[in-house]
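Only one structure is covered here, and it is reproduced in the block below.
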Amino acid sequence: AYIDNLRASGRVDRAAIYSKAGDSVWAKSDGFDLAAPEITEICSGFDNPSGLQAKGLHAQSVKYFLLRADDRSIYGKKGAEGLICVRTKQAILIAHYPEGVQPGEATKIVEQLADYLISVGY
């Protein structure tokens, strides 16, 4: 339902929720499959963004330019589309926004879901 809500916003076209360790997929959009090294790269980037800063952020074999990386959020951009990754207590949300969507609008939707999950213990 969380993925459906993100997509229903019209600001996100694909999304996934992984365990905080990145070792299991809790929910995902059809066809939004990330390779194990991509998940590892994202999980590591929350604690040490140097790898993302040096090599960029990758999802579905697409390289995104890193805009921000800290212990809560990682944002990447490629042209007019982008990727938003947010870590909660137990999960990592990964969402893609398509061309034509304002990055701030997509970010707000994903960050709000993360805040909700944190508030209920996830």
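The values are calculated or read from the model by the stated rules, or taken from the named source; none is laboratory data. Computed from a predicted model, the values in this text were never measured in an experiment. All Cβ positions, glycine included, derive from the backbone under ideal geometry; neighbour counts span all protein chains shown. Ligands, DNA and RNA are excluded from the accessible area calculation, which covers all protein heavy atoms including side chains. Shrake-Rupley method; radii C 1.70, N 1.55, O 1.52, S 1.80 Å.
Scanning segment 26-47 for residues that are surrounded by 13 or more Cβ atoms within 10 Å (Cβ to Cβ), out of contact with any helix residue (DSSP H, G or I) (no Cβ under 8 Å at 6 or more places or on another chain) and farther than 24 Å from Glu99 by Cβ gives Trp26, Ile39, Thr40, Cys43, Phe46.
So, of the residues in segment 58-71 that are in contact with a helix residue (DSSP H, G or I) (Cβ under 7 Å, 6 or more places away or on another chain) and more than 17 Å from Glu111 (Cβ to Cβ), which turns out to be least open to solvent (accessible area, probe 1.4 Å)? For segment 58-71, the residue satisfying everything is Ala59.
Quickly run through segment 62-112 and pick out the residues that are in a loop (DSSP other than H, G, I, E, B) and either aromatic (Phe, Trp, Tyr) or at positive phi (or both). Correct list: Gly79, Gly100.
Among what's in segment 47-61 and is assigned to a strand (DSSP E or B) and of a type in the set (A, V, I, L, M), pick the residue that is farthest from Ser9 (Cα to Cα). Reasoning before the result, please.
Filtering segment 47-61 down to residues assigned to a strand (DSSP E or B) leaves 57-59.
Next cut, of a type in the set (A, V, I, L, M) only: 57, 59.
Details: Leu57: 24, Ala59: 21 Å.
Across segment 47-61, the extreme among qualifying residues is Leu57.
Selection of segment 72-122 for residues being touching a residue at least 24 places away in the same chain (Cβ under 8 Å), surrounded by fewer than 18 Cβ atoms within 10 Å (Cβ to Cβ) and β-branched (Val, Ile, Thr) yields only Ile118.
Might you let me know whether segment 18-25 holds any residue that is over 11 Å from the mean Cα position of the chain (by Cα), open to solvent by less than 40 Å² (accessible area, probe 1.4 Å) and on the phi < 0 side of the Ramachandran plot? Within segment 18-25, one or more residues are over 11 Å from the mean Cα position of the chain (by Cα), open to solvent by less than 40 Å² (accessible area, probe 1.4 Å) and on the phi < 0 side of the Ramachandran plot. Every test in (1) in contact (Cβ under 8 Å) with a residue 24 or more places away in the chain; (2) out of contact with any Asp or Glu (no Cβ under 6 Å at 6 or more places or on another chain) is passed by Ala59 save one, and that test is (2).
Reported count of residues in segment 21-39, each being more than 24 Å from Lys63 (Cβ to Cβ) and touching a residue at least 60 places away in the same chain (Cβ under 8 Å), is 1.
A count restricted to segment 27-44 and to residues that are farther than 20 Å from Val12 by Cβ, out of contact with any Phe, Trp or Tyr (no Cβ under 9 Å at 6 or more places or on another chain) and in a helix (DSSP H, G or I) stands at 5.
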